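The numbers here are math on the coordinates, done by the rules we state, and not lab data. What you are looking at is a predicted structure, and each value in this text was computed from that prediction instead of being measured. Cβ placement follows ideal geometry from the backbone for every residue including glycine, while neighbour counts extend to all protein chains displayed.
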Amino acid sequence: MRIGLLTDGGYPYVNGEARLWCDRLVRGLDTYAFDIYAFSRGSRQEDLGWVRLPPHVQRVRTAALWDAPEEWPRPGRRVRRETLEHFAALATTACAATSPSTPPSA
């Protein structure tokens with residue numbers, strides 16, 4: 001199983017707010033693969049670097065909240081529609097009321 005962990009100004013940055021909690025979570029679930037998606041809150045945070053990541057973290061993607069490049073193209077209608085569809089599927093699955101023994105429907 002692969003787990004996506006989204007953080008806002010936290011893990012995997014050395015001085016992140018929830019760094020310790022996230023690090024314990026990731027290291028404690030070492031039988032799962034992790035993809036980390038993190039927002040940074042400033043250039044100082046990025047300059048300090050990341051914590052040492054365990055080997056089962058397969059991917060780290062970061063984005064700066066403090067400096068959005070002006071040259072980013074605006075997404076077209078198709079991309080916006082697909083993003084909305086994927087987000088709706090994620091929200092539906094996350095909010096579905098299922099018991100632990102019942103897997104969510106696809």
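Figures for the structure shown
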{"read-out": "Length added when fully stretched, Tyr32-Arg2, from 0.36 nm per residue minus Cα-Cα", "value": "10.2 nm"}
{"read-out": "Sequence of Cys22, Cys95 once ranked by neighbouring C-beta atoms within 10 Å, starting from the fewest", "value": "Cys95, Cys22"}
{"read-out": "For region 2-68, convex hull volume per residue from C-alpha positions, Å³", "value": "70 Å³"}
{"read-out": "Antiparallel DSSP beta bridges within region 2-68, as percent of all bridges there, nearest 5", "value": "5 percent"}
